[in-house]
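Chemist: Quick one: the structure is below, and I'll ask about it shortly.
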Amino acid sequence: MPVFAVVGIIVCVWYSAAVWMNAPWVYDQAERAGVSVSFGEMVGATMGQARPVLPAPHQVAAELWKGVAGQAVTSKRSLVYHGWVTLQATFYGFVLGIGLGVALAVSIVRFRVMELSVMPWAIISQTIPIVALAPMIVVLSNAAGVEDRMVPKAIISAYLSFFPVLVSMVKGLRSPDQMQIDQLRTWYASEAQMFWKLRLPASMPYFFASLKVAIAASLVGAIVGELPTGAIEGLGARMLIGSQFGEPMIMWAALFAAAILAGGLILLVGIVERFARARMGAPA
Amino acid sequence: MKDMLNIAGPVVEASGVDLVFQTNDGPVQALKDVNLLIGKGEFVSFIGPSGCGKTTFLRCVAALETPTGGTLMVNGMTAEAARKARAYGYVFQAAGLYPWRTISGNIRLPLEIMGFSRAEQDERVARVLELVELGGFGNKYPWQLSGGMQQRASIARALAFDADILLMDEPFGALDEIVRDRLNEEVLRLWNRTQKTILFVTHSIPEAVYLSTKIVVMSPRPGRITDVIDSPLPRERPLDIRDSREFIEIAHRVREGLRAGHGDGV
């Protein structure tokens, strides 16, 4: 219920903002035509412009619907097609990011020298704006002879998503307390056993919490990675086309498609987490 | 290893054990000249105020701490060798069960680590669950059990691999007195049935007197032994033995020992 209230408020604010921002154009047109418009006429005119400054919600919804259901999913105009391209890059980046994050976390927890040498660089890596870095990764992977456009996108996506996984996993792998570690020592457990039987399972709640952040970061990375690839395919490319050709509706529709995709992915991660928690004996 | 036990005399033999911790505020003498002999099948309680080193001594026996002086032999070998030979089961103050494992899974943990076969794991888990009267709770998760039951499960876990020595560090300190009384009875019964040597840290005088064949009274700063009392109470001990004259006399002596230890510390 509170969710719907918030949505309602957002829609109201959006409509008023659309009227307010699109009104100058309406008055401008009227003045050129030498006619005067009433307030009511003006409001009506702000709702259906072809290239509004700020499209009204129903326009975006219609454009979104057109993009999703209005054409064959293989069409270059289909948001399903572009969304699928972005989703693939997100997925590869996500998997790569998880792998990298977990691997680094394990080595950091295991070897103190890794903590001193790797951790500062991991933090620095996240302070570099990804929009500055993305074109370089694209150019470099091209120069390295990688033909597949998926590769640089996945790298950029992984670049953003490995960090939350790394930070959470370091914390999670270190979460067992001294007593639990002493206990394993009384059984003369090896380092490997300590890792597999205690540290890794103990880190799982931290891991899943980080996945929700990581999946969203992966999507952002994939979209940003699509911007400098020549705007050929993917939701990021759609946004770029919309902005370059002055088609705000395309931009907004792509934006919402990305948001819906992100919501779906987070939901999916949540379901996987619930399943894993149930398997690990957490209270229902 | 069992044969060695029969030949070698004492289970724990401490002579002149010192332990100095280096802290930021300078060295702290946690144990000073601790001498103690513990024979097979004894039930030894360590009692004293906090900071007297009773837990530290137990940790030394377990080779979780290394004494800085003196010698400490467990089962006729060094404490470290005894740990590697898995000579003891250690019960901590908190049950420390893994929330992601069932009770059976938790008891199975040391068996997995020690490489018992799957069939033997099952057999041992079933046996120790019965021993601590938790049969039927094997498939429950720790959060589904009360604190007392969790601690029983942790005792079962310490018994599962048949170590001859059981080290218990205030195992019932966090439980209420009614549960504690019951668990004390159960521990005594367990001790009678399994013939294990038990080292038991507590700060409760009645608990120490009720359980022990030998009570080691310790005092702080530096941690040292002030009195060792051999209990004349019989091995079979109903709860109402605590109203007997002998019981009260021993308790009195323990209290005197604790007071004396405190007196010269101030």
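The values are calculated or read from the model by the stated rules, or taken from the named source; none is laboratory data. Small disclaimer: the values here were computed from a predicted structure and weren't measured. Ideal geometry is used to build each Cβ from the backbone, glycine not excepted, and the neighbour counts take in all protein chains shown. Just the protein is used for accessible areas: all its heavy atoms, side chains included, with ligands, DNA and RNA removed. Shrake-Rupley method; radii C 1.70, N 1.55, O 1.52, S 1.80 Å.
Chemist: Return the residue satisfying two criteria in turn: it lies in the range B:162-179 and is out of contact with any strand residue (DSSP E or B) (no Cβ under 7 Å at 6 or more places or on another chain) and not aliphatic (A, V, I, L, M), and of such residues it is least open to solvent (accessible area, probe 1.4 Å).
Modeler: B:Phe172
Chemist: Would you confirm whether any residue within the range B:236-246 is under 21 Å from the mean Cα position of the chain (by Cα) and of a type in the set (S, T, N, Q)?
Modeler: no
Chemist: Out of A:Ala282, A:Ala237, A:Ala231, I need the residue that is open to solvent by less than 60 Å² (accessible area, probe 1.4 Å), in a loop (DSSP other than H, G, I, E, B), more than 14 Å from every other protein chain (Cβ to nearest Cβ) and modelled with pLDDT under 90. Which one?
Modeler: Going through A:Ala282, A:Ala237, A:Ala231 in turn, just one is open to solvent by less than 60 Å² (accessible area, probe 1.4 Å), in a loop (DSSP other than H, G, I, E, B), more than 14 Å from every other protein chain (Cβ to nearest Cβ) and modelled with pLDDT under 90: A:Ala231.
Chemist: Answer yes if at least one residue in the range A:177-188 is surrounded by 15 or more Cβ atoms within 10 Å (Cβ to Cβ), within 14 Å of another protein chain (Cβ to nearest Cβ), farther than 30 Å from A:His82 by Cβ and under 26 Å from the mean Cα position of the chain (by Cα), and no otherwise.
Modeler: no
Chemist: Can you tell me which residue in the range B:98-124 is most open to solvent (accessible area, probe 1.4 Å), limited to those that are aliphatic (A, V, I, L, M) and more than 10 Å from chain A (Cβ to nearest Cβ)?
Modeler: Per the stated criteria, the residue is B:Ala119.
Chemist: Would you point out which residue out of A:Leu227, A:Leu240, A:Leu261, A:Leu255 is closer than 30 Å to A:Gly172 by Cβ and out of contact with any strand residue (DSSP E or B) (no Cβ under 9 Å at 6 or more places or on another chain)?
Modeler: A:Leu261
Chemist: While we're here: Going through the range B:199-224 one residue at a time, which ones are under 17 Å from the mean Cα position of the chain (by Cα) and part of a strand (DSSP E or B)?
Modeler: B:Leu199, B:Phe200, B:Val201, B:Thr202, B:Lys214, B:Ile215, B:Val216, B:Val217, B:Met218
Chemist: B:Thr66: open to solvent by 40 Å² or more (accessible area, probe 1.4 Å), β-branched (Val, Ile, Thr) and out of contact with any Cys (no Cβ under 8 Å at 6 or more places or on another chain), yes or no?
Modeler: Against the criterion (open to solvent by 40 Å² or more (accessible area, probe 1.4 Å), β-branched (Val, Ile, Thr) and out of contact with any Cys (no Cβ under 8 Å at 6 or more places or on another chain)), B:Thr66 does not qualify.
Chemist: Restricting attention to the range B:173-198, and to residues there that are in a loop (DSSP other than H, G, I, E, B) and modelled with pLDDT under 90, which single residue is nearest to B:Cys52 (Cα to Cα)?
Modeler: B:Gly173
Chemist: Then there's this: When the range A:84-104 is examined, which residues are found to be touching a Lys or Arg at 6+ places or on another chain (Cβ under 9 Å) and under 21 Å from A:Met204 (Cα atoms)?
Modeler: A:Gly93 - this is the single residue of the range A:84-104 that is touching a Lys or Arg at 6+ places or on another chain (Cβ under 9 Å) and under 21 Å from A:Met204 (Cα atoms).
Chemist: So, one more: Collect the residues in the range B:234-266 that are over 26 Å from B:Gly53 (Cβ atoms) and either in a loop (DSSP other than H, G, I, E, B) or open to solvent by 70 Å² or more (accessible area, probe 1.4 Å) (or both), keeping them in residue-number order.
Modeler: If the condition is that a residue be over 26 Å from B:Gly53 (Cβ atoms) and either in a loop (DSSP other than H, G, I, E, B) or open to solvent by 70 Å² or more (accessible area, probe 1.4 Å) (or both), then B:Pro234, B:Arg235, B:Glu236, B:Arg237, B:Pro238, B:Asp240, B:Asp243, B:Ser244, B:Arg245, B:Glu246, B:Ile248, B:Glu249 are the ones that fit.
Chemist: Restricted to the range A:112-147, and to residues that are in contact with a helix residue (DSSP H, G or I) (Cβ under 9 Å, 6 or more places away or on another chain) and within 17 Å of A:Met169 (Cβ to Cβ), which residue is surrounded by the fewest Cβ atoms within 10 Å (Cβ to Cβ)?
Modeler: A:Ile123
Chemist: Residues that are of a type in the set (D, E, K, R) and under 16 Å from the mean Cα position of the chain (by Cα): list the helices (runs of 4 or more DSSP H) wholly contained in the range B:26-140 that include at least 2 such residues.
Modeler: Ranges flagged: B:54-61.
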